[in-house]
């Protein structure tokens, strides 16, 4: 029964190819929420196609981790020209695949840390933070949180990029004491969800006092919903960064278009779309500044970030400690 | 006996379907294994995951079956207004996307839910849904209604003459009629639920409360996504098949063939049993089902009418996929049911034991060298959904086919009916009910599925569950609850139309 369907699809594909071949196609492999209707994808596509004389096509693949796995499944024969949406927890593994070429772009980035990476170019960034409701007295550190009765919901570092970010945050801030912090946090954790979506949903249902998200999350509620009841909690240890990057696939058949896209990515046209669609900080602050509402967000005094290699090297041991501490 | 009744049934279509199922389950596993470099062995954490997975699946399946017995018995014995609607409603939890059902349950049993509000009002301590019991609760919510439907079909398939005879002889109905029927149906229902829970991932983790509640499927996810360790993923998927094989062997060993007795093909009228007990069973089950569903409806109704046109398009796409995959699945299940035998029994269980992550990845690896997977997203989704729904539809149809063969096979053989006449005049008319129920389940399951489409989907092929998930990912929880309600309504309507269509003129 399935054969006719596949054959029809194959025939449709064969007929469609010549029509597309007239304008060059740039394929960007990215995570799902980037390409969704409410993400930056549609606006970015429109803006880039105005000038590139090309067809920009996004291919969505789950989250950041799924993105890298997808690229590894496809291997050197991948159709992707650009991979957009990895973070620093994944770049070391991505580099090891040998599938990426250097981007060759020098941009004046507005990151809280210095950035020097030949293959991966940031397009946005954010601080991980616990987001809770206004009114209650927020804890000011992991230690204070662990000593309180406050209930939080977090994501699993084995299946979620924010979850992995939290793991790295505690590891970076506490080093050898990280397992002890996790053990003390255990009774504050209502549950551990597979992804950000479930956790944030549970928080909004009132299942927890706070959820692991980003310092920029309250901006969504403020700007899109005119709701100022959500706040991010500043922690004295500093906040771990998520820097989201893109890279050029070495085997691309559109090297010039790919370079053009990366240059476009750090330009105003792209960067001004980011804050209110991806709800992250743009890698290069647009000329008109950040949208109104972003000035209300907390700005951590200290930024924490492992280098890509350190992140990869620490992950396995940190994960073991996390699992042991929370499985008691 | 010149002909055994089964010889009338065509056998080759079932063979083809069985082959297809093997290719999609074990074949995709092989595709993943072939790409893998085997360098890891299972560690202590993996064994812990296996232990947790098996124990929660066992308890969930046992609870689902135990609770389904009184409910289905009550439904089989009592006639009341709204009984038909309640029976249809039994299909609902099973069809919901996991995240929707979990949020619905949390609104009732969560820290901030109705149940704790009532407890607080009564001055009783708060209960927590998170932990082993929460996982079991959610799995019972999903599966108890399904088991109820499966047993109910068995109960109603008992010819009314037998109940009448038993009653007139004052014979023990439980031991003579009901127990043999349950022994025939329960092991296979238990097996189905056990395998569904074995594959649980989001439910177990979200309600499990922490990494203690790690299932094998989560370990597979981690291996495929974060570590890109195909060997480990393949190994873990093999473990799942192993557990499935052991469970299936035990279940089939316990199953005893039903004591057959042909009747006049009429519905049951019963006059035994305690009314109070039945009313209690039905009320509790209805409350347990309706409360979480009601919360989903309440939450989504304000956002439903303001949904973007894109969501409606995604909904239409989902309906088309669901209808195609349901038709495909029903034909496949019928082919398998008519063939019967060990191979078919295996093919009817294998899809349940297949990790959908490994299946999707394997399919991706097989397809990718030839054609861009995004171009095949919808046909692939149809096919995979059809195969994944096969065990349920087969379970609805197969017992009825067996019964028709034993009841009417001699008649067919004595009249020297051709295969066509046998199928069209005898088998299909009597299968209307099970086929309608099965097609409804397949359609609704496909409607709510987020499995393969997430791995294959390109830009323009968004289905409703994917759109809903994307809305949530973009902080738009309000719109997402509207989309969830739309999904609930549409899955349910599809199920209702198919199920009703099969039950026209029937007493079920």
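Can you tell me the Rg and the Dmax, both Å, for the Cα atoms in chain A?
Both quantities, over Cα of chain A: 20.8, 65 Å.
Sorting check: for B:415-422, B:132-139, which peptide has the highest mean count of neighbouring beta carbons within 10 Å, and how do the rest follow?
B:132-139, B:415-422
Kindly rank B:434-442, A:131-139 from highest to lowest mean number of other beta carbons found within 10 Å of each residue.
B:434-442, A:131-139
When Cβ neighbours within 10 Å are restricted to other protein chains, what is their mean count per residue of peptide B:208-218?
Details: counts 3, 6, 13, 11, 5, 4, 5, 0, 0, 0, 4.
Partner-chain Cβ atoms within 10 Å, mean over residues of B:208-218: 5.
In degrees, nearest 10, range 0 to 90: what is the angle between the Cα axis of helix A:255-265 and the longest Cα principal axis of chain A?
40
Over all residues in A:57-63, what is the mean tally of Cβ atoms on other chains that come within 10 Å of each residue's Cβ?
Values: counts 3, 2, 6, 8, 6, 3, 2.
Mean shielding by partner chains, rounded to a whole number: 4.
In what order do B:81, B:476 fall by count of nearby beta-carbon atoms within 10 Å, going from fewest to most?
Arranged by neighbour count, lowest to highest, B:81, B:476 become B:81, B:476.
Could you list B:375, A:302 in order of exposure, starting from the residue whose Cβ has the fewest other Cβ atoms within 10 Å?
Listed from fewest to most nearby Cβ atoms, that is A:302, B:375.
Per residue of B:375-387, count partner chain C-beta atoms within 10 Å of its C-beta, then hand back the mean as an integer.
3
Using alpha carbons only, how many angstrom separate the centre of the range B:212-231 from the centre of the range B:381-411?
If you average the Cα positions of each part, the centres end up 34 Å apart.
Can you put A:81, A:288, A:259, A:116 in order, fewest other beta carbons within 10 Å first?
A:116, A:288, A:259, A:81
I want the antiparallel fraction of DSSP beta bridges within chain A, as a percent rounded to 5.
So the antiparallel bridges in chain A amount to around 60 percent.
What whole-number value in cubic angstrom gives the convex hull volume per residue for the C-alpha atoms of chain B?
Value for chain B: 163 Å³ per residue.
Taking the Cα atoms of the range A:128-182 alone, what are Rg (to one decimal) and Dmax (as a whole number) in Å?
Cα only, the range A:128-182: 11.8, 34 Å (Rg, Dmax).
To the nearest Å, what is the center-to-center distance of the range A:16-92 and the range A:124-155, using C-alpha atoms only?
34
Which value, in Å³ per residue, describes the convex hull spanned by the Cα atoms of the range B:1-141?
Here the figure is 265 Å³ per residue.
Give me log10 I(q)/I(0) at q = 0.09, 0.14, 0.17 Å⁻¹ for the range B:39-298, Debye formula, one equal scatterer per alpha-carbon, no solvent.
-0.49, -1.02, -1.27
Give me the percent of DSSP beta bridges within the protein assembly as shown that run antiparallel, rounded to the nearest 5. Mind showing how you got there, number by number?
Details: 24 of 41 bridges.
Antiparallel bridges make up about 60 percent of those DSSP assigns within the protein assembly as shown.
If we sort B:118-131, A:172-185 on the protection proxy, mean other Cβ atoms within 10 Å, highest first, what's the order?
Packing order, densest peptide first, comes out as A:172-185, B:118-131.
Okay, helix-only estimate at 222 nm for the protein assembly as shown: each DSSP H run of n ≥ 4 adds -39500 (n - 2.57), divide by all residues, round to 500 deg cm²/dmol; what do you get?
-19500 deg cm²/dmol
What's the Kirkwood radius of the protein assembly as shown in Å, using all Cα pairs?
28.2
Every read-out reported here was derived from the displayed coordinates using simple, explicitly stated rules and does not represent laboratory data. On a predicted model such as this, the values are computed, not experimentally measured, just so you know. Don't worry about glycine lacking a Cβ; one is built from the backbone with ideal geometry, like all the others, and counts go over all protein chains shown.
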